[in-house]
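Novice: This structure is in structure tokens; I'll ask about it shortly.
The values are calculated or read from the model by the stated rules, or taken from the named source; none is laboratory data. Predicted model only: the values in this text are computed from it and were never measured. Cβ placement follows ideal geometry from the backbone for every residue including glycine, while neighbour counts extend to all protein chains displayed. Only protein heavy atoms, including side chains, enter the accessible area calculation; ligands, DNA and RNA are left aside. Shrake-Rupley method; radii C 1.70, N 1.55, O 1.52, S 1.80 Å.
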Amino acid sequence: MADFIHLLPDHVANQIAAGEVVQRPASVVKELLENAVDAGATEIKLIVKDGGKALIQVVDDGSGMSETDARMSFERHATSKIRNAEDLFQLHTKGFRGEALASIAAIAHVDMQTRPADEEVGTHIRIEGSKVISQEAEVCPQGTSISVKNLFFNIPARRNFLKSNAVEFRHITDEFHRVALAHPGIGFQFYHNGSELFHLDATSLRKRITAIFGHRMDEKLVPVEEETQVVEIKGFICKPEYAKKSRGEQFFFVNDRFIKSPYLHHAVVSAFEGLLKPEVHPGYFLYLQVDPNSIDINIHPTKTEVKFDDEHTLYAILRAAVKHGLGQFHLAPMLDFEKDQNLETPYAYRNKEAEAPGISVDRGFNPFKESSARISYPGSYQKKSADGWENLFIDLESGSQKQDSFSSVHFESEVVTGSIFPESENDEASEATTFQLRRKYIVTTIRSGMLIIDQQRAHQRVLYEKFLRSMTVSESLSQQLLFPVTLQFSPNERHILAELSDHLQALGFVFEDTEDDELAVKGLPPTVPEKEIASVLDGLISGYKEGNEENLSQSDMLAKALCSAVSVKTGDRMDRVSQLALVNDLFACKESMLSPFNKPIFITLTENEIDNKFK
Ligand code: ADP
Ligand code: MG
């Protein structure tokens with residue numbers, strides 16, 4: 001039989017390896033920045049064009065490489081960082097696999113200039129798809145400059161798979177943030193398409209965080225510090241009231257390496273228990289130092305996952321440290337007699353108004369007539385009769401019952417015609433009975449039986465179609481604010497809002513740029529309540545990030561994000577008028593069966609089905 005097995009040529013093997021290390025431009029950025037950090041640089045410059053598709057360049061003032069090393073660095077498994085497998089357990093550098101440069105050179109045009117301090121002349125190497133095009137001696141500054149152009153030029157399938165420049169750029173920014181946060185002692189600059197986005201001087205951790213996320217971040221930070229035999233923890237958490245709908249600012253670093261860890265994340269979130277609104281995420285910047293011996297960072301090619309020897313202990317220590325940090329911050333303001341109310345009350349009870357004691361007077365009470373001896377005590381708390389048969393109906397919150405002031409929603413239909421309720425007098429449905437079930441469903445009668453509508457999904461559908469319409473015909477109204485609301489965004493978030501500004505204007509938002517990282521909102525779409533602006537825009541930004549990943553059209557994305565941000569939610573009480581309005585609006589929609597997120601909006605229960613249940 002003939003032999004079939006043969007060894008792959010190096011350049012093919014490199015291309016395959018590249019697939020693991022380099023998924024997108026941001027992966028190149030990560031590897032190059034980490035190499036510069038490993039080389040002991042004090043200043044690192046990142047230059048990017050067109051979301052990294054056209055150019056990624058990293059310039060450092062680190063150790064540089066000799067002529068031989070410069071050539072060697074592009075070989076697979078070429079590394080100066082480990083010599084044998086044991087070294088893996090004493091690792092203090094970012095790299096060790098010796099794969100990054102070989103992989104990048106296999107799938108791009110690479111140009112490198114490098115010079116160590118003790119040499120006069122440096123080396124200039126050009127490589128395209130693993131082939132060395134030229135190598136010559138050249139005068140250049142100490143350190144290394146590597147530029148990577150035309151990423152995936154020889155793998156069209158991967159190139160086509162890349163997302164828009166804006167999305168790729170955002171991934172690059174994320175990587176940049178991670179490396180810059182891990183190394184506040186190094187200065188960083190970041191340019192995109194010729195403009196300087198970040199100029200970060202070497203500084204303290206706290207200042208690095210505020211330099212990246214805006215100076216207002218400073219007031220949000222609470223320090224966390226804990227030293228034990230197993231781990232040393234330092235860093236910051238954000239005060240609970242600044243928790244956001246987007247998961248943006250959550251960072252773990254283990255031995256100065258950014259990592260993802262759902263397990264440790266859980267430890268942090270659980271320490272915030274009772275202090276967060278539902279559906280928001282706390283921000284944190286937490287730095288763990290552990291014995292390199294006690295972790296394995298080898299398990300993931302991009303090295304963002306770490307395996308700890310003793311996860312459980314780490315979990316407990318981290319949770320306690322965060323709790324302690326929160327407690328400290330809780331105590332501190334008391335000294336200046338400004339207690340933070342938000343920390344006093346568990347979230348579920350906050351914003352709930354105290355119930356006024358009710359007084360009931362029996363007007364027909366005649367003290368001289370013994371038979372009507374129903375005495376009520378003026379001034380005492382009059383309990384709403386909740387013990388009798390009425391208990392059975394406690395969840396049938398129809399509009400006729402007393403309203404809480406808590407999360408009740410009222411709006412009116414915009415649809416004038418097209419009521420689904422028949423007008424005919426003797427039709428029982430003309431009474432248009434609706435009621436709310438468990439603050440979740442609107443139940444209503446139709447000719448053939450009944451309809452159970454998911455209030456949140458229904459409202460999302462109504463708003464979604466409305467927003468799409470406003471964006472296409474630009475007919476929407478804007479409600480001018482008497483006092484503009486100033487909000488604060490990180491450069492990244494402002495970037496997203498700028499991308500969306502045309503559509504946002506069409507919807508009725510009016511923005512005005514102010515100094516630094518602030519944005520003044522001067523007008524709003526009438527559907528967005530003023531006190532919700534911050535949370536709506538926050539939800540919009542996070543929804544947009546997710547939608548972008550799925551390559552939706554911008555207007556679709558925005559309509560989806562906005563409708564989920566402002567819709568009635570499960571748990572909101574709706575009065576009778578709003579219930580009716582919602583039902584009418586829903587059936588005036590182009591599509592009333594499915595929510596914008598493709599979930600069913602209502603179910604029907606026919607008379608037959610009900611009859612069957614009684615058999
Ligand atoms: P690794 O970082 O895993 O060792 P790389 O392929 O990223 O593998 O780099 C290979 C080697 O090239 C490194 O071990 C290092 O010696 C050298 N090198 C890479 N980038 C730089 C740089 N910016 N400055 C100095 N040396 C570098
Ligand atoms: Mg490396």
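Novice: Report the equivalent ellipsoid semi-axes for the range 212-328 in whole Å, largest first, defined as the square roots of five times the eigenvalues of the gyration tensor built from alpha carbon atoms.
Specialist: 23, 16, 13
Novice: Could you check the spin-label model distance between ASN193 and GLN554? Points 7 Å from the Cα along Cα→Cβ, value in nm.
Specialist: In this crude spin-label approximation the distance works out to 1.1 nm.
Novice: Another question, then. Quick one: putting +1 on the C-beta of Lys and Arg, -1 on the C-beta of Asp and Glu, what dipole do you get for the range 36-123 around its Cα centre, in Debye to the nearest 20? Don't skip to the answer; put the middle values down first.
Specialist: Values: 10 positive and 15 negative charges, 87 e Å.
It works out to roughly 420 debye.
Novice: With +1 on each Lys and Arg Cβ and -1 on each Asp and Glu Cβ, how big is the dipole of the range 436-604 about its Cα centre, in debye rounded to the nearest 20? If you can, show how the numbers build up before the last one.
Specialist: Details: 18 positive and 23 negative charges, 278 e Å.
Its charge dipole is roughly 1340 debye.
Novice: What net charge is computed for the residues neighbouring VAL132, neighbours being all others with C-beta under 14 Å from the C-beta of VAL132, Lys and Arg scored +1, Asp and Glu -1? Don't jump to the answer; show the numbers that get you there.
Specialist: Working: positive: ARG71, ARG126, LYS131; negative: ASP10, GLU67, GLU75, ASP111, GLU128, GLU136.
Taking every Cβ under 14 Å from that of VAL132, the sum is -3.
Novice: A further question on this structure: If you look for lysine pairs in the range 436-604 that are eight or more places apart or on different chains, how many of them have Cα atoms under 17 Å apart?
Specialist: Step by step, the pairs that qualify in the range 436-604 add up to 12.
Novice: I would also like to ask the following. Filter the trypsin sites (Lys or Arg not before Pro) in the range 52-154 to those in DSSP coil with at most 12 other Cβ atoms within 10 Å of their Cβ, and list the result. Walk me through the intermediate numbers first.
Specialist: Working: sites: LYS53, ARG71, ARG76, LYS81, ARG83, LYS94, ARG97, ARG126, LYS131, LYS149; in loops: LYS53, ARG76, LYS81, ARG83, LYS94, ARG97.
In loop regions of the range 52-154 (DSSP not H, G, I, E or B), the sparsely surrounded trypsin sites (Lys or Arg not before Pro) are ARG83.
Novice: Whole number in Å², please: accessible area per residue of the range 212-328, 1.4 Å probe, ligands, DNA and RNA not counted.
Specialist: Working: 5280 Å² over 117 residues.
I get 45 Å² per residue for this part.
Novice: What are the chymotrypsin sites (Phe, Trp or Tyr not before Pro) within the range 565-615 that DSSP puts in a loop, where the Cβ has at most 16 other Cβ atoms within 10 Å?
Specialist: PHE597, PHE614
Novice: Rounded, prolate or oblate for the range 10-200? Axes are the square roots of the Cα gyration tensor eigenvalues, ordered a ≥ b ≥ c, and the cut-off for rounded is a/c under 1.5. Walk me through the numbers before you get to the answer.
Specialist: On the way: a/c = 1.27, a/b = 1.10, b/c = 1.16.
Here the range 10-200 falls in the rounded category.
Novice: Sticking with this one: In nm, give the distance between the simple-model label positions of LYS307 and PHE153, each being 7 Å from the Cα along the Cα-to-Cβ direction.
Specialist: For the pair LYS307/PHE153, the computed spacing is 4.0 nm.
Novice: Using a 1.4 angstrom probe with every protein chain in place, what is the largest-first accessible-area order of LYS615, LYS220? Kindly include the intermediate steps, with their values, before the conclusion.
Specialist: Working: LYS615 190, LYS220 30 Å².
Sorted by accessible area, descending: LYS615, LYS220.
Novice: While we're here: Heavy atoms only, 1.4 Å probe, whole protein assembly: order ASP454, ASP291, ASP502 by accessible area, highest first. If you can, show how the numbers build up before the last one.
Specialist: Working: ASP454 25, ASP291 80, ASP502 115 Å².
Accessible-area ranking of ASP454, ASP291, ASP502, largest first: ASP502, ASP291, ASP454.
Novice: Which listed residue (LEU55, PRO9, VAL28) has the Cα farthest towards the positive end of the charge dipole for the range 1-63, taking +1 on Lys and Arg C-beta and -1 on Asp and Glu C-beta about the Cα centre?
Specialist: Positive-end residue among those listed: LEU55.
Novice: Net charge around GLU120, counting only other residues with Cβ within less than 15 Å of its Cβ (Lys, Arg = +1; Asp, Glu = -1)?
Specialist: Working: positive: ARG115; negative: GLU67, ASP118, GLU119, GLU136, GLU138.
With Lys, Arg at +1 and Asp, Glu at -1, the net is -4.
Novice: Then there's this: If you take the charge dipole of the range 436-604 about its Cα centre, with +1 on Lys and Arg Cβ and -1 on Asp and Glu Cβ, which of LEU580, LEU524, THR445 is farthest toward its positive end?
Specialist: THR445
Novice: As an exercise, use a Förster radius of 45 Å and the Cβ-Cβ distance of GLU119 and ALA54 to find the FRET efficiency, rounded to the nearest 0.05. Walk me through the numbers on the way to the answer.
Specialist: On the way: r = 32 Å, r/R0 = 0.70.
Rounded to the nearest 0.05, the efficiency is 0.90.
Novice: Within the set LYS234/LYS277; LYS163/LYS260; LYS30/LYS234; LYS45/LYS307; LYS45/LYS149; LYS49/LYS307, which residue pairs have Cα atoms separated by over 27 Å? The partial results should precede the final answer.
Specialist: Numbers: LYS234/LYS277 25 Å; LYS163/LYS260 23 Å; LYS30/LYS234 24 Å; LYS45/LYS307 32 Å; LYS45/LYS149 16 Å; LYS49/LYS307 36 Å.
Check vs 27 Å cut-off fails for LYS45/LYS307; LYS49/LYS307.
Novice: Could I ask something else about it? So how exposed is SER270, as accessible area in Å² (1.4 Å probe, rounded to 10)?
Specialist: Per-residue accessible area (SER270): approximately 20 Å².
Novice: How much accessible area per residue does the range 10-200 have, in Å², with a 1.4 Å probe?
Specialist: 43 Å²
Novice: Also, quick follow-up: Pop the C-beta distance of ALA85 and LYS277 into the FRET formula with R0 = 51 Å and round what comes out to the nearest 0.05.
Specialist: Values: r = 48 Å, r/R0 = 0.95.
For ALA85 and LYS277, the calculated efficiency is 0.55.
Novice: Let's test the formula: R0 of 22 Å, r as the Cβ-Cβ distance of ASP256 and ALA78. What FRET efficiency results, to the nearest 0.05?
Specialist: Values: r = 23 Å, r/R0 = 1.06.
Once the sixth-power term is evaluated, E becomes 0.40.
Novice: Where in the range 1-77 are there GluC sites (Glu not before Pro) that are in a DSSP coil and have at most 16 other Cβ atoms within 10 angstrom of their Cβ? Can you show the working numbers first?
Specialist: Working: sites: GLU20, GLU31, GLU34, GLU43, GLU67, GLU75; in loops: GLU75.
For GluC sites (Glu not before Pro) across the range 1-77 that sit outside H, G, I, E and B with at most 16 neighbouring Cβ atoms in 10 Å, the list reads GLU75.
Novice: Rounded to the nearest percent, how much of the accessible area of the range 10-200 (1.4 Å probe, protein heavy atoms only) is carbon and sulfur?
Specialist: Using a 1.4 Å probe with all protein chains present, the range 10-200 comes out at 49 percent carbon and sulfur.
Novice: Please get the size of the charge dipole for the range 10-200, origin at its Cα centre, with Cβ charges of +1 on Lys and Arg and -1 on Asp and Glu, quoted in debye to the nearest 20.
Specialist: Working: 20 positive and 26 negative charges, 180 e Å.
Magnitude of the dipole: close to 860 debye.
Novice: Per residue of the range 507-514, in order, report the coupling 6.51 cos²θ - 1.76 cosθ + 1.60 (Karplus, θ = phi - 60°) as ³J(HN,Hα) in whole Hz, putting x for Gly and Pro.
Specialist: 3J(HN,Hα) across the range 507-514, in whole Hz: 7, x, 6, 10, 10, 9, 6, 10.
Novice: Testing the spin-label approximation: label points 7 Å from Cα along Cα→Cβ at ARG247 and GLU499. State their distance in nm.
Specialist: My value for the distance between the label points is 1.8 nm.
Novice: At a 1.4 Å probe radius, carbon and sulfur cover how many percent of the accessible area of the range 439-527?
Specialist: Details: 2150 of 4080 Å².
Of all accessible area on the range 439-527, carbon and sulfur atoms account for 53 percent.
Novice: For LEU264, what is the net charge nearby, where nearby means another residue's Cβ is under 11 Å from its Cβ and Lys, Arg count +1, Asp, Glu -1? The partial results should precede the final answer.
Specialist: Working: positive: LYS260, ARG319; negative: GLU311.
Neighbourhood net charge equals +1.
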